[in-house]
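The values are calculated or read from the model by the stated rules, or taken from the named source; none is laboratory data. Note that the structure is a prediction, hence the values are computed from the model and not measured. We place every Cβ from the backbone using ideal geometry, glycine too, and count neighbours over all the protein chains shown. Surface accessibility is based on the protein's heavy atoms, side chains included, excluding ligands, DNA and RNA. Shrake-Rupley method; radii C 1.70, N 1.55, O 1.52, S 1.80 Å.
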Amino acid sequence: MLSKRFVLVLDISNSMRVIDLAEGTTAPGKDGNPRPYRDPGTNWPPDPESRFMRARNEFVAFIEQLDPAVHFTIVVFGLERDTRTWNPQLQRATPRVKQDAVEFVTALRWSGATRTDLALEQAFAVADADTIYLFSDGIPERSNGSKTEPIPQDEVIAKSKTLNRARKLRLNVYGFATVSPPTKDFLRKLAVENDGETAPPAA
C-alpha cells in the first residue's frame with residue numbers, strides 16, 4: 001500500500017545513462033565482457049531508453065497522478081554537490097505543488113558519483129514522513145579527485161539503521177532488473193534492515 005506521507009529518492013548518477021537490454025541479450029562492455037545493457041556514453045541529452053529517462057518519466061507520471069491527500073517530497077543523489085532535496089518539508093500534492101515537482105524532476109541532469117549515504121541523511125531528516133521510496137542502480141560511491149571510490153556498504157546500511165532508530169520509517173528500495181548481483185544484494189539488505197521491500201521498478 002502506498003504511503004500518504006513519503007519521500008521519493010532518485011539516483012541521478014551517470015551510470016543511469018545505460019540502456020537495459022531484453023532478457024538474454026548482451027552487449028560488450030568497455031572491457032569486452034558481455035553486459036546485459038548498452039552504454040551509449042555520456043553525451044546529453046540521454047537516450048530515451050536509458051535508465052535515467054525511464055526513471056525520470058516514471059517519476060513524472062507518478063507525481064502527476066498523486067491524490068491531493070498525499071504529502072511528499074523528493075531527494076536526488078549523485079555527487080555530494082548534486083545531492084539535494086526538492087523541498088525540506090512534505091508538501092501536499094496540490095496541482096501547483098505537483099507541477100513544481102515535475103519541473104524539478106524534468107530539469108535533472110546526471111551526476112558523477114552515488115552518494116547514497118547523503119541521500120539517506122536528507123530523506124530521514126524530512127519530518128512527518130513515514131516511508132522512503134529509494135530508486136537506484138548502483139552501490140554507494142564518492143568522488144576522490146578525478147575518480148570515484150566505493151563507500152563501504154556495511155557503513156551505509158549501519159548509518160541507515162542509526163538514522164531510522166527513532167523514526168521507524170519503512171525504507172523501500174528498488175533497483176533495475178539488470179543491476180549487478182552486488183548491487184542487488186546491497187539494495188536488498190538496505191530494505192530488509194529498515195522494514196522495507198525491494199523489487200525492480202516498473203519498466
Per-region count, segment 1-20, residues hydrophobic (A, V, I, L, M, F, W, C) and over 18 Å from Ala119 (Cβ atoms): 4
Pairs with Cβ under 9 Å, 6+ apart, first in segment 26-42 and within 19 Å of Ser111 (Cα to Cα), second open to solvent by less than 60 Å² (accessible area, probe 1.4 Å) and modelled with pLDDT under 90: Asp39/Gly29
Count - residues of segment 149-166 that are surrounded by fewer than 16 Cβ atoms within 10 Å (Cβ to Cβ) and not in a helix (DSSP H, G or I): 5
The one condition in (1) out of contact with any Phe, Trp or Tyr (no Cβ under 7 Å at 6 or more places or on another chain); (2) open to solvent by less than 60 Å² (accessible area, probe 1.4 Å); (3) aliphatic (A, V, I, L, M) that Leu118 fails to fulfil: (1)
Odd one out for Gly138 among (1) open to solvent by 40 Å² or more (accessible area, probe 1.4 Å); (2) in contact with a Ser or Thr (Cβ under 6 Å, 6 or more places away or on another chain): (1)
Test for Phe77: is it closer than 26 Å to Leu169 by Cα, touching a helix residue (DSSP H, G or I) at 6+ places or on another chain (Cβ under 6 Å), modelled with pLDDT of 95 or more and among the aromatic types (Phe, Trp, Tyr): yes
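Just to check your reading of the model, which residue among Ala27, Ala22 is in contact with a Phe, Trp or Tyr (Cβ under 8 Å, 6 or more places away or on another chain) and either farther than 28 Å from Ile151 by Cβ or surrounded by fewer than 21 Cβ atoms within 10 Å (Cβ to Cβ) (or both)?
Details: Ala22 fails: in contact with a Phe, Trp or Tyr (Cβ under 8 Å, 6 or more places away or on another chain).
Just one listed residue meets the conditions, Ala27.
Going through segment 102-115 one residue at a time, which ones are of a type in the set (S, T, N, Q) and either farther than 18 Å from Lys147 by Cβ or surrounded by fewer than 21 Cβ atoms within 10 Å (Cβ to Cβ) (or both)? Spell out how you get there, then give the answer.
Quick first cut of segment 102-115, residues of a type in the set (S, T, N, Q) only: 106, 111, 114.
Hit for segment 102-115 is Thr106, nothing else.
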Residue list for segment 176-201, filter: in contact (Cβ under 8 Å) with a residue 40 or more places away in the chain and not in a loop (DSSP other than H, G, I, E, B): Pro182, Thr183, Phe186, Leu187, Leu190
Restricting segment 58-70 to residues that are open to solvent by 70 Å² or more (accessible area, probe 1.4 Å) and assigned to a loop (DSSP other than H, G, I, E, B), the residue that is nearest to Met16 (Cα to Cα): Gln65
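Hey, any hits in segment 72-79 for a residue that's among the polar types (S, T, N, Q) and in contact with a Pro (Cβ under 7 Å, 6 or more places away or on another chain)? So that I can check it myself, show each step before the final result.
Going through segment 72-79, the residues among the polar types (S, T, N, Q) turn out to be 73.
Then drop every residue that is not in contact with a Pro (Cβ under 7 Å, 6 or more places away or on another chain), which leaves none.
So far as segment 72-79 goes, no, none of its residues is among the polar types (S, T, N, Q) and in contact with a Pro (Cβ under 7 Å, 6 or more places away or on another chain).
Among the residues in segment 37-57, are any part of a strand (DSSP E or B), more than 30 Å from Lys161 (Cβ to Cβ) and either open to solvent by 60 Å² or more (accessible area, probe 1.4 Å) or hydrophobic (A, V, I, L, M, F, W, C) (or both)?
Within segment 37-57, the first condition is being part of a strand (DSSP E or B), and the residues that meet it are 37-38.
Add one more test, that the residue is more than 30 Å from Lys161 (Cβ to Cβ), and what stays is 37-38.
Now restrict to residues that are either open to solvent by 60 Å² or more (accessible area, probe 1.4 Å) or hydrophobic (A, V, I, L, M, F, W, C) (or both): 37-38.
Looking through segment 37-57, at least one residue is part of a strand (DSSP E or B), more than 30 Å from Lys161 (Cβ to Cβ) and either open to solvent by 60 Å² or more (accessible area, probe 1.4 Å) or hydrophobic (A, V, I, L, M, F, W, C) (or both).
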Inter-residue pairs, beta-carbon under 9 Å, first closer than 16 Å to Ile132 by Cβ and among the hydroxyl-bearing types (Ser, Thr, Tyr) and in segment 82-100, second outside any loop (DSSP other than H, G, I, E, B) and open to solvent by 70 Å² or more (accessible area, probe 1.4 Å), 6+ apart: Thr83/Glu121
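Return yes or no: is Glu64 of a type in the set (Asp, Glu), within 29 Å of Gln99 (Cα to Cα) and in contact with a Leu (Cβ under 9 Å, 6 or more places away or on another chain)?
On the way: of a type in the set (Asp, Glu): yes; within 29 Å of Gln99 (Cα to Cα): yes; in contact with a Leu (Cβ under 9 Å, 6 or more places away or on another chain): no.
Judged against the criteria, Glu64 is not a match.
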